[in-house]
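Read the structure below first, then the notes.
The values are calculated or read from the model by the stated rules, or taken from the named source; none is laboratory data. What you see is a predicted model, and the numbers here were worked out from it, not measured in a lab. As a convention, Cβ positions derive from the backbone with ideal geometry for all residues, glycine included, and neighbour counts pool all protein chains shown. For the accessible areas, the whole protein counts, side chains as well, though only heavy atoms, and no ligand, DNA or RNA atoms are used. Shrake-Rupley method; radii C 1.70, N 1.55, O 1.52, S 1.80 Å.
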Amino acid sequence: MIGSTVFMKAVLGILAAAFIPLASLPAQTAADEETPKISLSVPSGAPLRLYLTKPVSKRAGAPVEAKLLESVFAFDREVIPAGTVAQGEVSRVQPLGKMQRFRAIVNGDFTPLRRAEVQFTTVTLPDGRKLPTHTVETVGLNSIYREPSKKKKQNATPPNQNGGVLGTAKQATKDQISGALNSRSRGIADLVRGPNKKEKFVDFLWSKLPYHPQYVRRGTRFDAALQDPLEFGFEPVKPADLAELGSQPLPDSVVHARLLTALNSASATQGQTVQAMLSAPLFSPGHKLLLPEGTELIGTVVMAKKARSFHRAGQLRFNFQRVDLPPEVANLRTAHPAPVPTEPAPMADPTSTKVQATLEAAEGNGATPIKVDSEGGVQAKESKTRFIAPVISLLIASRAADNDAGHHHDAGDTGGNANISGRTLGGGMGLGLLGAAASQSSRYVGMAFGYYGLAWSVYSNVVARGGEVQFEKDAMMDIKLGARTPPQGSRFRSAAPAAP
């Protein structure tokens, strides 16, 4: 009897131990359901901002290696850090337009010039994982990225909390971003630029050859748009972390964005709608999310002027008046409401608010560099040193036309036809090395080439039309946010201090 009682107690104990975890499962499931989760997804069309680490030959199938210039974000998380290596290949090679070919030929370059379209297929994450990617075929942009030296990386100081792309990430995320992005504190204009003087000189020498190899320069920038989205799963987020979502940022906060509307000063019209999208989140000084990646900025063109002759550059000005949070934000806040703080105060409609925002810095896509003024206006930047080229061309043309035998020690018995150096310089300026060789046949040939080169230099550097302000889709830019304006009748007030 005693044995059976002990046996029954043991059985009851085992059953109780088995049912206690089962009884807690519904409570855990309910808790999991109450914890909101965000989808970490990079949508199709989002660009991977890359730069080449090696020169690439302009031939189909040539391997391509590049690094990410900027981190890729999904909602409020960094999913692909800057400096990540991407591999691909030259998917297609196409000839340049007829006008570009004509300009090359009249300058003595008879190479069948072509452009290389690149496609990236793999991204290698820092932990060694290879992430398959499928990007749109794209050509290099008209800018070169030069990696900062190790000394500059060591001396780099973190920028302001709300300044540029680094100011939009949490402190933990900041520490993960590579030193390449630390240079953003100097602005986009210093981050991406044209080739240096040495590279320009090498290109000039190559262009004077009648035939030369073609390659894409090391450091060339690419914006490779994704054809397929990249999925990184779901991550839980505390409702308290979303309490300041859509709230008033600090005055002069700067967000990093990509332009969704292609703009050109030659075709833009006043009142044209402009859209941009945040490519990195904006956080408050307390590391609370204010604007997630994917937030849209809606604005208009307020001024557009075409470029005119004598190098009068094109001008463009646009600003933004509205901020629209992603649609999933509204669903997230509706399903999981969070306590509303009193400061900073959110607007009545947390998904769409008014704002005054202007351009702070940008990377242009045209052939001419751009400059952004203090009020957000953009103008093509014409180099003042362009006047040096016509002066040098005039000196060379004069030298090529100087056939006075008394001026040349090498004339001898040739009747003044020996002006070899002058004819060579004149022919080279007019039609490259081919012109330099042809000018040796006659003093008049060298003189003609010299004056032809002078005329072309004067036209292209003085008389020709100035550069246009051009922004392609996905152009990178920093946008400065001003104070938001609450709708009339709103019971919320701005967190910005009132003017005295």
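Please determine whether any residue of segment 480-491 is modelled with pLDDT of 85 or more and either surrounded by 15 or more Cβ atoms within 10 Å (Cβ to Cβ) or under 20 Å from VAL391 (Cβ atoms) (or both). Spell out how you get there, then give the answer.
Filtering segment 480-491 for residues modelled with pLDDT of 85 or more gives 480-481.
Subsequent filtering for residues that are either surrounded by 15 or more Cβ atoms within 10 Å (Cβ to Cβ) or under 20 Å from VAL391 (Cβ atoms) (or both) retains 480-481.
So far as segment 480-491 goes, yes, one or more of its residues are modelled with pLDDT of 85 or more and either surrounded by 15 or more Cβ atoms within 10 Å (Cβ to Cβ) or under 20 Å from VAL391 (Cβ atoms) (or both).
Whether any residue in segment 95-102 is modelled with pLDDT of 90 or more and among the aliphatic types (A, V, I, L, M) is what I want to check. Reasoning before the result, please.
Taking segment 95-102 and keeping what is modelled with pLDDT of 90 or more, we get none.
No, segment 95-102 contains no residue that is modelled with pLDDT of 90 or more and among the aliphatic types (A, V, I, L, M).
State whether one or more residues within segment 282-291 are open to solvent by 20 Å² or more (accessible area, probe 1.4 Å), touching a helix residue (DSSP H, G or I) at 6+ places or on another chain (Cβ under 9 Å) and either closer than 26 Å to ASN142 by Cα or not charged (D, E, K, R) (or both). It would help to see each step written out before you state the result.
Restricting attention to segment 282-291, the residues satisfying the condition of being open to solvent by 20 Å² or more (accessible area, probe 1.4 Å) are 285-288.
Cutting the leftovers down to touching a helix residue (DSSP H, G or I) at 6+ places or on another chain (Cβ under 9 Å) gives us 287-288.
Filter again for either closer than 26 Å to ASN142 by Cα or not charged (D, E, K, R) (or both), leaving 287.
Yes - at least one qualifying residue is present in segment 282-291.
Here are THR300, THR269: which of them is modelled with pLDDT of 90 or more and assigned to a strand (DSSP E or B)?
On the way: THR269 fails: assigned to a strand (DSSP E or B).
That would be THR300, the only listed residue that is modelled with pLDDT of 90 or more and assigned to a strand (DSSP E or B).
Would it be correct to say that ALA240 is in a strand (DSSP E or B) and in contact (Cβ under 8 Å) with a residue 24 or more places away in the chain?
Values: in a strand (DSSP E or B): no; in contact (Cβ under 8 Å) with a residue 24 or more places away in the chain: yes.
It is false that ALA240 is in a strand (DSSP E or B) and in contact (Cβ under 8 Å) with a residue 24 or more places away in the chain.
Table: residues versus (1) open to solvent by 50 Å² or more (accessible area, probe 1.4 Å); (2) within 30 Å of ALA448 (Cα to Cα).
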position: VAL85; (1), (2): no, no
position: GLY108; (1), (2): no, yes
position: ARG115; (1), (2): yes, no
position: VAL123; (1), (2): no, no
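Can you find a residue in segment 61-76 that is open to solvent by 40 Å² or more (accessible area, probe 1.4 Å) and modelled with pLDDT under 90?
No, the conditions are met nowhere in segment 61-76.
Rundown of residues vs (1) at pLDDT 75 or above; (2) among the polar types (S, T, N, Q), yes/no style:
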site	(1), (2)
GLY377	yes, no
LYS381	yes, no
ILE392	yes, no
ALA401	yes, no
HIS408	no, no
ALA411	no, no
THR414	no, yes
ILE420	yes, no
GLY430	no, no
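Starting from segment 78-98, take each residue that is assigned to a strand (DSSP E or B) and list its partners that are open to solvent by less than 30 Å² (accessible area, probe 1.4 Å) and small (Gly, Ala, Ser), counting only C-beta distances under 7 angstrom and pairs at least six apart or across chains.
Here the result reads GLU78/SER71; GLU78/ALA169; ILE80/SER71; ALA86/ALA66; GLU89/ALA62; VAL90/ALA62; VAL90/ALA116; VAL93/ALA116, each pair linking segment 78-98 to a residue that is open to solvent by less than 30 Å² (accessible area, probe 1.4 Å) and small (Gly, Ala, Ser).
Taking PHE102, is it of a type outside the set (Asp, Glu), without any contact (Cβ under 8 Å) to a residue 12 or more places away in the chain and open to solvent by 20 Å² or more (accessible area, probe 1.4 Å)?
Numbers: of a type outside the set (Asp, Glu): yes; without any contact (Cβ under 8 Å) to a residue 12 or more places away in the chain: yes; open to solvent by 20 Å² or more (accessible area, probe 1.4 Å): yes.
For PHE102, the condition - of a type outside the set (Asp, Glu), without any contact (Cβ under 8 Å) to a residue 12 or more places away in the chain and open to solvent by 20 Å² or more (accessible area, probe 1.4 Å) - is met.
When you check THR111 against the structure, is it in a loop (DSSP other than H, G, I, E, B) and β-branched (Val, Ile, Thr), yes or no?
Numbers: in a loop (DSSP other than H, G, I, E, B): yes; β-branched (Val, Ile, Thr): yes.
Here the answer is yes, as THR111 does meet what is asked.
Taking GLY467 and the conditions (1) of a type outside the set (Ser, Thr, Tyr); (2) farther than 30 Å from SER267 by Cβ; (3) not in a helix (DSSP H, G or I), which numbered condition does it fall short on, given that it satisfies the others?
Here GLY467 clears every test but (2).
One line per residue, one yes/no per condition, for (1) assigned to a helix (DSSP H, G or I); (2) small (Gly, Ala, Ser); (3) modelled with pLDDT under 90; (4) touching a Phe, Trp or Tyr at 6+ places or on another chain (Cβ under 7 Å):
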| position | (1), (2), (3), (4) |
| --- | --- |
| ALA189 | yes, yes, yes, no |
| PRO195 | no, no, yes, no |
| LYS198 | yes, no, yes, no |
| HIS212 | no, no, yes, yes |
| ARG221 | no, no, no, yes |
| ASP228 | no, no, no, no |
| GLU244 | no, no, yes, no |
| PRO251 | no, no, yes, no |
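Go through segment 67-96 and count every residue that is among the small types (Gly, Ala, Ser) and touching a helix residue (DSSP H, G or I) at 6+ places or on another chain (Cβ under 9 Å). Walk me through how you get there before you give the answer.
Looking only at segment 67-96, we keep the residues that are among the small types (Gly, Ala, Ser), and these are 71, 74, 82-83, 86, 88, 91.
If we keep only those that are touching a helix residue (DSSP H, G or I) at 6+ places or on another chain (Cβ under 9 Å) too, we end up with 71, 82-83.
So the count comes out to 3.
Go through segment 222-258 and report how many residues are touching a Lys or Arg at 6+ places or on another chain (Cβ under 6 Å) and β-branched (Val, Ile, Thr).
The qualifying residues number 1.
If you check every pair at least six apart or on different chains, which have Cβ atoms under 6 Å apart with a residue in segment 379-396 that is at negative phi first and a residue that is basic (Lys, Arg) second?
These pairs meet every condition: GLN379/LYS371; LYS381/LYS371.
I'd like to check something: does segment 45-58 contain any residue that is modelled with pLDDT of 95 or more, over 22 Å from ALA475 (Cβ atoms), of a type in the set (D, E, K, R) and surrounded by fewer than 18 Cβ atoms within 10 Å (Cβ to Cβ)?
No, because not a single residue in segment 45-58 is modelled with pLDDT of 95 or more, over 22 Å from ALA475 (Cβ atoms), of a type in the set (D, E, K, R) and surrounded by fewer than 18 Cβ atoms within 10 Å (Cβ to Cβ).
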